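Remarks on the structure that follows.
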Amino acid sequence: MTPPAGSLLSAEQLRKAYGPTLALDGAEFSIHPGEVVAVMGPSGSGKSTLLHCLAGIVTPDSGTIMYGGRELSAMSDAERSALRRSDFGFVFQFGQLVPELTCVENVALPLRLNGTSRKEAERAALTWMERLEVDDLRKKRPGEVSGGQGQRVAVARSLVTKPRVLFADEPTGALDSLNGERVMELLTDAARSTDAAVVLVTHEARVAAYSDREVVVRDGRSRNMERAV
Ligand SMILES: Nc1ncnc2c1ncn2[C@@H]1O[C@H](COP(=O)(O)OP(=O)(O)OP(=O)(O)O)[C@@H](O)[C@H]1O
Ligand SMILES: [Mg+2]
């Protein structure tokens, strides 16, 4: 398979069944460096499954996923885990911060796990927290901050390793619209400033509006949407 020219991450003919349920049925995908792509579609259509396959968390039954010229399925589990740590960042709907750690420790955590010293990791963490406008929360624990603040801390944490691809599954799903829009604004600005590609799963049109392009998943099949301008 030849990935689309210039694409960083692409998938062809993905199939994934969970027992009798066909979660993905020939889904396609591709994203360029620096591009923000919204994956939309009804509940149960296969959006999260597609994201998990692209991120190497779930192995598809068949189909090909190419990242930076390499086939994901041809890598060993250890290689895929290493790739996830070095090149990918993740933001989910909720429950992703470690409650026992302060906000700055949470943001610094991916760097600490990569062997960065505490001082250096926390310095980098604070830089990202400033960009996401949550640096004043550095000493608080996740249970002491609001939903929107917590999501901004999670976004800072997902970007602290400067990922090439940021995977976000309903990152604003638990927020009211004002907070959701602020999180999206900061997330997309930060990602664009580092040329990271963003795979953004959402079923909200106002969240998808922050993307460059929309892909709609229906019954496990994906389709590119032309956006009226
Ligand atoms: N681990 C699993 N075990 C069994 N079935 C699963 C599993 N994960 C997903 N499915 C099924 O696969 C289909 C696609 O699920 P998926 O989570 O990808 O949908 P989604 O588009 O993300 O939905 P939502 O918008 O509700 O998050 C659904 O029918 C779901 O029930
Ligand atoms: Mg989902």
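A few remarks follow.
- The set of residues in the stretch 55-84 that are among the basic types (Lys, Arg) and either without any contact (Cβ under 8 Å) to a residue 24 or more places away in the chain or more than 21 Å from residue 170 (Cα to Cα) (or both) comprises 70, 80.
- First in the stretch 128-155 and free of Cβ contacts under 8 Å to residues at least 24 places away in the same chain and open to solvent by 20 Å² or more (accessible area, probe 1.4 Å), second anywhere and among the hydroxyl-bearing types (Ser, Thr, Tyr) and in a helix (DSSP H, G or I), Cβ under 9 Å, 6 or more apart: 135/127
- The residues in the stretch 23-71 that are more than 18 Å from the chain's Cα centre (by Cα) and either over 19 Å from residue 202 (Cα atoms) or more than 16 Å from ligand 2 (Cβ to nearest atom) (or both) can be counted, and the count is 10.
For (1) modelled with pLDDT of 95 or more; (2) within 14 Å of ligand 1 (Cβ to nearest atom); (3) assigned to a strand (DSSP E or B), each residue gets a yes or a no:
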site	(1), (2), (3)
10	yes, no, yes
13	yes, no, yes
42	no, yes, no
86	no, no, no
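- Leading residue by the ranking (most open to solvent (accessible area, probe 1.4 Å)) among those in the stretch 156-179 that are part of a loop (DSSP other than H, G, I, E, B) and small (Gly, Ala, Ser): 174
- All positions within the stretch 31-67 that are within 12 Å of residue 80 (Cα to Cα) and among the small types (Gly, Ala, Ser): 55, 56
- Any hit, the stretch 48-66, residues being away from ligand 1 (no atom under 16 Å from the Cβ), open to solvent by less than 50 Å² (accessible area, probe 1.4 Å), out of contact with any Lys or Arg (no Cβ under 8 Å at 6 or more places or on another chain) and at pLDDT 95 or above: yes
- Restricting the first member to the stretch 92-115 and to residues that are modelled with pLDDT of 95 or more and β-branched (Val, Ile, Thr), and the second to residues that are in a loop (DSSP other than H, G, I, E, B) and surrounded by 16 or more Cβ atoms within 10 Å (Cβ to Cβ), the beta-carbon pairs closer than 8 Å and six or more apart or on different chains are 102/138; 102/140; 102/141; 104/138; 107/160.
The values are calculated or read from the model by the stated rules, or taken from the named source; none is laboratory data. Worth saying up front: this structure is predicted, and the values here are computed from it rather than measured. Positions of Cβ are generated from backbone atoms using ideal geometry, with glycine treated the same way; all protein chains shown enter the neighbour counts. Ligands, DNA and RNA are excluded from the accessible area calculation, which covers all protein heavy atoms including side chains. Shrake-Rupley method; radii C 1.70, N 1.55, O 1.52, S 1.80 Å.
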